[in-house]
Amino acid sequence: MRRTTDGGGAWSAIASPTSNTITSICVHSTNPSIVWVTGSGYSAGNKIWKSTNGGSSWTNISGSLPNVPANTVVYQNSSPDRLYIGTDIGAYYTDLNSGGWQDFNTGLPNVVVSELEIQYSSSKIRAATYGRGVWESPLISNALFSSSPDSIGVSVEMWDSTTTILQINNTGSATLTWSRAIVPASPWLTVTPASGSVSAGGSQNLTVKTKATDTIGTTQQASIEISTNDPLASPAVIPVSLYVLSPYVSLGIPVESNWNLVSVPLIPFDYATSAVFPSSTTQAFSYQSAGGYQGHDTLTNTPGYWLKFPAQENVSITGLPVEKDTVDVTANWNLIGSISETVPVSAIVPLGTSVQSPFFGYSVSGYSVKDTLKPGAGYWVKVSTNGKLILKPTSPPVPLLQPATSIPETGAPSKTAR
């Protein structure tokens, strides 16, 4: 045998792997240093050889091929190193997944195969035979793996979680099987399902759930590794990072000089009146229809309070948001608070009672009907019986059952209470 490395300008002799007649030569489609040759004759175990250095040395890869002459060999491009070989009794193939040479004669007569050629446009292989014409067969199918996105990065408030979709794609012509691992094992990161299969040309979505468990301002990191039966694809490594945001928010509550109706719209670090409203000059007064006004040095989230300030200002309150809440109410008039978001009056849901009045807010100019409850403000409302009011911005609208004909007889605390 001879070889050339300059397109035929010069040829040099190379050693033959067999003393039998060389019947065919096949060169790898992208690496010319990889070469296969087949040999004639009836020497058992001496049918096909492979070189990875352009023929300087050879490895016998005949394996379990039958002891008949091997006449032709062809390599399938973009495959897991798949070879087809034609012999005096039919065709065989091998690749990285097959575990050795496999019969490839379904539908093919027991005949000498003298030549094999691949037609990539139709994904078929054609066999020229001795005396029986030309036959064709679909190529052995491949699973071709890809995934998206290539990385996942999210920002999540501490203790909250979020989900991301990771898609596995199979653009091949065989079923793709896959499994995933999380490296390192991380309780804050889950991926479901853990394994599966994707039919040819299909895709599958994985749910990636991440939870912020570290301290505020840190980044949690791990990787999702996906292994498949696609021999051409290395395991995919998808980095996952989660930045832990502060769950605390600050709200500005406008107050006026003198008495104001206020409430606590967040979960503050300290519920003391002096901590939530440090510039106030009185106790906070809640109202109960049975007991009248009650003074408080410590506040809670659902009531409304009368509170006096020396001047107009914007009070800043910091804490965890209250996105919804349930306010206990009693028959007749109630002084209630609000949550961290604006709540349309039409979205307030009564449970076990009915609303008998509009919602009244208060300012220095007096009472006025309100169509929304604003964070940090307090409101008067009349109900029919003891029950609850659900404050949630996304609740379905519930109309007021009866319009009010009057407002509370008592506004600010009495002189004795002051």
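The values are calculated or read from the model by the stated rules, or taken from the named source; none is laboratory data. Since this is a predicted model, take the numbers as computed values, not measurements. Here the Cβ is made from the backbone with ideal geometry for all residues, glycine too, and neighbour counts use every protein chain on show.
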Open item on the list: Pull out all pairs, ordered by first then second residue, where Cβ-Cβ is under 7 Å, the residues are six or more apart or on different chains, the first lies in region 189-206 and is hydroxyl-bearing (Ser, Thr, Tyr), and the second is assigned to a loop (DSSP other than H, G, I, E, B).
Closed with: Ser197/Thr175; Ser199/Thr175
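Just to be sure before I move on: is Thr215 in contact with a strand residue (DSSP E or B) (Cβ under 7 Å, 6 or more places away or on another chain), loosely packed, with under 15 Cβ neighbours inside 10 Å and not assigned by TED's automatic domain parsing to the domain that holds Ser79 in the structure I sent? Walk me through it before giving the result.
Working: in contact with a strand residue (DSSP E or B) (Cβ under 7 Å, 6 or more places away or on another chain): yes; loosely packed, with under 15 Cβ neighbours inside 10 Å: yes; not assigned by TED's automatic domain parsing to the domain that holds Ser79: yes.
So Thr215 fits the description; yes.
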- [ ] State which residue is surrounded by the fewest Cβ atoms within 10 Å (Cβ to Cβ) when the search covers only region 41-90 and only residues that are without any contact (Cβ under 8 Å) to a residue 40 or more places away in the chain and not in a loop (DSSP other than H, G, I, E, B).
- [x] Thr59
Task: Checklist (1) more than 44 Å from the chain's Cα centre (by Cα); (2) among the hydroxyl-bearing types (Ser, Thr, Tyr); (3) farther than 19 Å from Pro268 by Cβ; (4) modelled with pLDDT of 95 or more applied to Ser289, failing item - done: (4)
TODO: Identify, by number, the condition in (1) free of Cβ contacts under 8 Å to residues at least 40 places away in the same chain; (2) under 30 Å from Val208 (Cβ atoms); (3) surrounded by 19 or more Cβ atoms within 10 Å (Cβ to Cβ) that Thr94 doesn't meet.
DONE: (2)
- [ ] Would you be able to tell me the number of residues in region 242-269 that are assigned to a loop (DSSP other than H, G, I, E, B) and within 27 Å of Gly217 (Cβ to Cβ)?
- [x] 6
Task: For Val156: the one exception among (1) of a type in the set (A, V, I, L, M); (2) under 30 Å from Gly86 (Cβ atoms); (3) surrounded by 13 or more Cβ atoms within 10 Å (Cβ to Cβ) - done: (2)
Task: In region 265-302, the residues that are of a type in the set (S, T, N, Q) and touching a residue at least 40 places away in the same chain (Cβ under 8 Å) - done: Thr282, Ser286, Gln288, Ser289
